[in-house]
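Have a look at the structure below before the remarks.
The values are calculated or read from the model by the stated rules, or taken from the named source; none is laboratory data. Predicted model only: the values in this text are computed from it and were never measured. Positions of Cβ are backbone-derived with ideal geometry, glycine not excepted, and every protein chain shown enters the neighbour counts. Heads up: the accessible areas ignore ligands, DNA and RNA and are worked out on the full protein's heavy atoms, side chains in. Shrake-Rupley method; radii C 1.70, N 1.55, O 1.52, S 1.80 Å.
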Amino acid sequence: MITDKVAIVTGSTSGIGQAMARALAENGVHVVLNGFGDIDQIEQDRSALEKETGRTILYHGADMTRPEEIEDLVKSTASKLGSVDIIVNNAGVQYVSKIEEFPTEKWDQIIAINLSSAFHTIKHAVPYMRTNKWGRIINLASAHALVASPFKSAYVAAKHGIAGMTKSIALETAQDGITVNAICPGYVKTALVENQIGDTAKTRGISEEDVINNVILAAQPSKQFTTVDQIGALCVFLCSDAGANITGSMLPMDGGWTAQ
Ligand code: NAD
């Protein structure tokens, strides 16, 4: 158990973020949820998780493209729950397009949500962690933080940026009881992947079935999707005492993709 620590998980209203928030709460952590979606559904999920785990579960609707809202997310968490011990930077979006047709606003949006938001959360959370001499920063990167695929210039740039930032801040905080790591999943069956199957089919001129078999799972030697619960379990491990000397690491969960 990771008793009575306080975590913020960005983008935790669905997919991987939701599973990591649940895994942390089940292991003793108070959690602030964040992300978009139907507000009644979000409240239903928040209160169900609070009842099931007996932890305090709050929701903050900060838009991860807005630095002042991110600052408020961190500072209001500290004032309501006493501190900020764990930051999970997970919010992310994808856009698939040839570079010549890549909309500039999509580039700006992906860099803001997938990369800059993590800079802002970490910047505001590290002072609390240094005071407590304990902190865990987990950046949800991707296999695309280590290798590239075509038609994903903004996503791959943002995720490679996350890898560099993870290493740099890990060095800065290495003697303060703070660890900074990046989890690098291969393909995980969430809304983010479901939504890009059609776009990839169109861009490559192939069927959606071909995208799943010959593009998505072709990259992963295990021929298995990584599951959200597996990622939740790694997140909990990194927050446990066993993870205390793992810092600056890129941790692939990609069925062998980046071993090739
Ligand atoms: P998802 O679409 O299910 O979840 C994305 C979350 O981010 C949602 O909660 C959404 O509301 C939130 N979000 C989007 N824009 C936001 C904004 N401006 N402000 C606040 N929240 C915002 O996707 P997912 O697959 O669970 O992805 C989560 C993370 O995992 C992303 O960083 C993604 O790049 C990464 N990842 C996903 C896969 C995969 O195959 N699904 C693989 C590797 C890495």
> Cα centroids of the stretch 1-54 and the stretch 174-239: how far apart, whole angstrom?
Replying inline: 21 Å
> So which of LYS51/LYS189; LYS51/LYS152; LYS75/LYS167; LYS123/LYS223; LYS167/LYS202 end up more than 32 Å apart by C-alpha?
Replying inline: LYS51/LYS152; LYS123/LYS223; LYS167/LYS202
> Rg to Rh for the chain: what is it, with Cα atoms only and Rh by Kirkwood?
Replying inline: 0.96
> Given the rule -39500 (n - 2.57) for each run of at least 4 DSSP H residues, summed and divided by the residues of the chain, what is its mean residue ellipticity at 222 nm, to the nearest 500 deg cm²/dmol?
Replying inline: -14000 deg cm²/dmol
>> Taking all protein chains in place and a 1.4 Å probe, what share, in percent, of the accessible surface of the chain do carbon and sulfur account for?
In response: 51 percent
> Residues with beta-carbon under 10 Å from that of ALA201, excluding ALA201: net charge, scoring Lys, Arg +1 and Asp, Glu -1?
Replying inline: -2
>> Starting from the 7 Å offset along Cα-to-Cβ, what nm value, one decimal, do you get for the label separation of ASN195 and GLN175?
In response: 4.4 nm
>> Can you compute 3J(HN,Hα) from phi for each residue in the stretch 5-11, using the Karplus curve 6.51 cos²θ - 1.76 cosθ + 1.60 with θ = phi - 60°, rounded to whole Hz and x for Gly and Pro?
In response: 7, 10, 10, 10, 10, 6, x
>> Taking loop as defined by DSSP and a crowding limit of 15 other beta carbons within 10 Å, which GluC sites (Glu not before Pro) in the stretch 154-260 fit?
In response: none
> Taking trypsin sites (Lys or Arg not before Pro) that fall in a DSSP loop and have at most 15 other Cβ atoms within 10 Å as cut points, what is the longest piece of the chain between them?
Replying inline: 1-97
